[in-house]
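Trainee: Quick one: the structure is below, and I'll ask about it shortly.
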Amino acid sequence: MTEALHTGAVIGILGGGQLGRMLAVAAARLGFRCHIYEPAANPPAGDVAHAVTTAGYDDTAALAAFAAAVDVVTYEFENIPTAALDLLETLRPIRPNRRALAVSQDRIAEKEFLTGLGLRVAPFQAVTTAADLDAAMARIGLPAILKTTRLGYDGKGQSRIMILAEAPAALDALQGAAGVLEGFVPFTQEVSVIAARGLKGEVAAYDPGENVHRGGILHTTTVPARLTPGFRSDAVLTAARILNALDYVGVLGVELFVTPEGLIVNEIAPRVHNSGHWTQNGCAVDQFEQHIRAVAGWPLGDGSRHADVTMENLIGDDIARVPALARERGTALHLYGKAEARPGRKMGHVNRVRP
Ligand code: AMP
């Protein structure tokens with residue numbers, strides 16, 4: 001399918017969280033319908049979608065029926081089981097493609113891909129046993145971070161090792177899963193670039209944002225990031241390199257560490273990204289619409305930044321601040337409709353637009 005999709009076409013989204021919800025709203029603005037596929041009941045995206053399939057990723061009949069009901073398949077999270085994708089791929093185009101998913105599902109494959117492009121990553125070494133960890137610490141040094149190679153997000157599945165005595169507990173935390181030891185990068189800032197590539201290969205990048213994490217979870221993203229003009233163009237060029245190398249279609253998030261010696265890629269996310277939520281109130285075309293445009297074969301939209309914005313995530317009990325936030329001037333609320341506010345759960349975000 002290389003034709004652009006028309007009004008009424010159905011975009012299938014694997015995953016029904018807040019990213020799927022905001023993608024579905026953007027798709028509706030362009031006249032498309034979204035069909036959400038999500039194993040959990042009552043997903044946030046279900047409230048705003050045309051159709052929802054509640055089924056597991058091992059349910060081949062449900063996957064086939066979903067594929068038959070949609071024109072193109074995209075996703076809002078990267079940990080989709082390979083077998084489900086093998087089946088879907090025979091029935092409908094998947095955008096972004098399988099390689100982008102394979103690379104980002106595995107931290108070691110990701111780092112090898114990035115270094116193969118000549119990009120810099122933190123020193124790393126695969127670790128499964130105590131002997132591997134000893135060898136990796138001897139080579140990389142401390143402090144370091146031990147991460148699971150797969151299925152990690154929001155700082156989950158990772159432990160810092162500041163001193164040797166902390167190594168056994170970090171290894172235990174892997175619970176036998178394959179791991180990767182990463183050297184600790186003494187960064188001055190964390191920034192990310194959200195960029196898109198269209199079906200014909202055109203690339204558009206949003207202005208880099210500066211990220212602050214709390215407890216491993218993104219707390220704020222501020223644009224413009226405090227970057228030298230040289231680093232700003234390096235950041236954008238890095239994202240474009242990755243998009244082209246993957247023959248990517250859709251929006252990609254690239255997280256970078258800024259060091260005096262240059263930029264180091266932390267990780268890539270083959271989807272719309274939390275650090276790109278500021279685009280909803282800072283650009284004519286936000287990251288969600290940009291992703292829908294790309295996967296629908298439309299021209300990319302104008303993502304130039306028309307305002308300074310700080311995005312703040314509302315996590316867990318932060319949701320209680322909504323009545324006060326709703327009275328703030330210059331503040332746009334984006335709530336995800338989640339009933340229960342558990343600690344660490346992303347409930348919504350605000351974009352504060354600065355004059
Ligand atoms: P990740 O899940 O890999 O994005 O890690 C979450 C956060 O932990 C990052 O945004 C950083 O703040 C921190 N972090 C992860 N890896 C490293 C590293 N190699 N060096 C320094 N900080 C790191």
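The values are calculated or read from the model by the stated rules, or taken from the named source; none is laboratory data. Just so it is clear, the structure is predicted and the values come from calculations on it, not from any experiment. Quick reminder, even Gly has a Cβ in these numbers, built from the backbone with ideal geometry, and neighbours come from all protein chains shown. Just the protein is used for accessible areas: all its heavy atoms, side chains included, with ligands, DNA and RNA removed. Shrake-Rupley method; radii C 1.70, N 1.55, O 1.52, S 1.80 Å.
Trainee: Quick one: if the Förster radius is 51 Å, what FRET efficiency do A324 and L164 give, using the C-beta to C-beta distance and rounding to 0.05? Let's see the in-between values first.
Mentor: Details: r = 47 Å, r/R0 = 0.91.
E between A324 and L164, to the nearest 0.05, is 0.65.
Trainee: Take a quick pass over the chain and tell me how many lysine pairs come in under 19 angstrom between Cα atoms, counting only ones 8 or more apart or on separate chains.
Mentor: On the way: K111/K147; K111/K156; K147/K156; K156/K346; K338/K346.
So the count works out to 5.
Trainee: Per residue, how much space in cubic angstrom lies within the convex hull of the C-alpha atoms of region 1-116?
Mentor: Values: hull volume 12.9 nm³, N = 116.
About 111 Å³ per residue, rounded to a whole number.
Trainee: Same structure again: Shape of region 123-183 from its Cα gyration tensor (a ≥ b ≥ c, root eigenvalues): rounded if a/c is under 1.5, otherwise prolate when a/b > b/c, or oblate? Don't jump to the answer; show the numbers that get you there.
Mentor: Values: a/c = 1.43, a/b = 1.37, b/c = 1.05.
Note, shape of region 123-183 comes out rounded.
Trainee: In the chain, which whole DSSP H runs stretch at least 18 Å along their own axis (Cα) and average 0.0 or higher on the Kyte-Doolittle scale? Could the numbers behind the result be given before it?
Mentor: Numbers: long enough: 229-245 (24 Å, 0.40).
Qualifying helices: 229-245.
Trainee: Okay, next question. Keeping all protein chains in place, calculate the accessible area per residue for region 189-354 (probe 1.4 angstrom), answer in Å². Can you show the working numbers first?
Mentor: Working: 6290 Å² over 166 residues.
Using a 1.4 Å probe on heavy atoms only, each residue of region 189-354 averages 38 Å².
Trainee: Measure off, as a whole percent, the carbon and sulfur share of the 1.4 Å-probe accessible area of region 81-223, all protein chains present. Before the final figure, lay out the partial values.
Mentor: Working: 3660 of 6480 Å².
C and S fraction of accessible area: 56 percent.
Trainee: So what is the 222 nm mean residue ellipticity for the chain from helices alone, if each DSSP H run of at least 4 adds -39500 (n - 2.57) and you divide by all residues, rounding to the nearest 500 deg cm²/dmol? The partial results should precede the final answer.
Mentor: On the way: 11 runs with 102 residues, N = 355.
Calculated mean residue ellipticity at 222 nm is -8000 deg cm²/dmol.
Trainee: Keeping all protein chains in place, calculate the accessible area per residue for region 123-183 (probe 1.4 angstrom), answer in Å². Display every interim value, and only then the final one.
Mentor: Details: 3200 Å² over 61 residues.
Per-residue value: 52 Å².
Trainee: Sticking with this structure for a sec: When ranked by the protection proxy of mean other Cβ atoms within 10 Å per residue, highest first, what sequence do the peptides 240-251, 296-307 form?
Mentor: Values: 240-251: 21.2, 296-307: 16.6.
Highest-to-lowest ranking by the protection proxy: 240-251, 296-307.
Trainee: Compute the relative contact order of the chain as a whole-number percentage, counting only Cα pairs closer than 8 Å that sit 6 or more residues apart in sequence.
Mentor: Reported relative contact order: 15 percent.
Trainee: Let me ask something else. Given Cα pairs under 8 Å that are at least 6 residues apart, what percent is the relative contact order of region 123-183? The partial results should precede the final answer.
Mentor: Values: 106 pairs, mean separation 29.7, N = 61.
After rounding, I find 49 percent.
Trainee: For the ranges 133-142, 177-186, 31-40, what's the packing order if you count other beta-carbon atoms within 10 Å of each residue, average per peptide, and put the highest first?
Mentor: On the way: 133-142: 15.8, 177-186: 19.2, 31-40: 21.5.
Ranking the peptides 133-142, 177-186, 31-40 by packing returns 31-40, 177-186, 133-142.
Trainee: Moving on to the next point. For Cα pairs less than 8 Å apart in space and 6+ apart in sequence, what is the mean separation divided by the residue count of region 189-354, i.e. the relative contact order in percent? Spell out each step's value before the answer.
Mentor: Working: 375 pairs, mean separation 38.3, N = 166.
Normalised by residue count, the contact order of region 189-354 is 23 percent.
Trainee: Could you list log10 I(q)/I(0) for the chain at q = 0.10, 0.14, 0.15 Å⁻¹, which the Debye formula gives when each Cα is one point scatterer?
Mentor: Taking Cα atoms of the chain as identical point scatterers yields -0.61, -1.23, -1.40.
Trainee: With a probe of 1.4 Å, find how much accessible area region 24-120 has per residue, and write the answer as a whole number in Å².
Mentor: Working: 4000 Å² over 97 residues.
Here the residues of region 24-120 average 41 Å² of exposed surface.
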